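A short write-up of the structure that comes next.
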Amino acid sequence: MPQRTRVKICGITRLEDAIEAARLGVDALGFVFYAKSPRHIEIEQAQEIIRALPGFVTAVALFLNPDESWVKQVLAEVNIDLLQFHGTESAEFCESFGRPYIKALGIKGEADIAALFGPYASARSILLDSHALGESGGTGERFDWSAIPETLRSRIILAGGLTPDNVAEAIQQVRPYAVDLSSGVESAPGLKDKILMTRLMSEVKRVDCA
């Protein structure tokens, strides 16, 4: 039986987008708790959206080089399932909150992708994005998928420049555990497009069944 590709949509800011994504079968939704991002969400907004989610939809809180106190505040006030760190956070920092975490690694200019994985053996998954290491991502740019070592592909979440138009190609070429989209399913930063999300899920299901 072929592996089912999981789907995460990041940068959720509206309740209606979250509900529609869940209806379409999206596995996880990302909430950006980084003030400089155009997809930043306030704690109160995230609380409202996550309370309305059905079971088995994972709520992911995204941070970039946060203060420890900020992560703890979000965890205390929002029902988060999984943490995602996009900066230069150490594994020790990521582990310190007692929650499962994803470590995002920007691979722009990196020659040895496998070496980046080493320090984060405790991560639930590694997300590969097209930005430079320690940057925020969400640029909508893709990278050379062939650079990902074969031995790592089944463990990664693939991000960076994915859209409904190229996600099937990405899955066929890389066979990642999951894909993560943000700008690729938006009409504007933080505003998800129902038609694009529908096309995304149709493409993922089509290629998984091929």
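Computed extension length for Thr198-Ala76: 40.6 nm, one decimal, from 0.36 nm per residue of separation with the Cα-Cα distance subtracted. Here His40, His86 are placed in order of increasing Cβ neighbour count within 10 Å, fewest first, which gives His40, His86.
The range 61-112 and the range 1-43 have their alpha-carbon centroids 16 Å apart. For a paramagnetic label modelled on Glu42 (point 7 Å from Cα along Cα→Cβ), amide N atoms under 17 Å away belong, within the range 1-32, to 12-16, 32. Under 5 Å from the amide H of Cys10 lie the amide H atoms of Gly30, Leu181, Ser182, each residue being 5 or more positions distant or on a separate chain, with H modelled from the backbone and absent for Pro and chain starts. Only lysine pairs 8 or more places apart, or on different chains, with alpha-carbon atoms under 18 angstrom apart are counted in the chain, and they number 6. Sorting Leu83, Leu15, Leu105 from the fewest to the most surrounding beta carbons within 10 angstrom yields Leu15, Leu105, Leu83.
Across the range 6-209, the mean sequence separation of Cα contacts (distance under 8 Å, 6 or more residues apart), normalised by length, yields a relative contact order of 19 percent. For the modelled label position 7 Å from the Cα of Thr88 along Cα-to-Cβ, which residues of the range 64-82 have backbone nitrogen atoms closer than 15 Å? Inside the label zone: 64-67.
Using 0.36 nm per residue and subtracting the Cα-Cα separation, the extra length available between Ser187 and Arg155 on full extension is 8.5 nm. Ordered by the count of other Cβ atoms within 10 Å of each Cβ, fewest first, Ser187, Ser37 give Ser187, Ser37.
Bear in mind that the values in this text are calculations on the coordinates, not laboratory data. Worth saying up front: this structure is predicted, and the values here are computed from it rather than measured. FYI the Cβ positions are ideal-geometry reconstructions off the backbone, even for glycines, and counts take in every protein chain you see.
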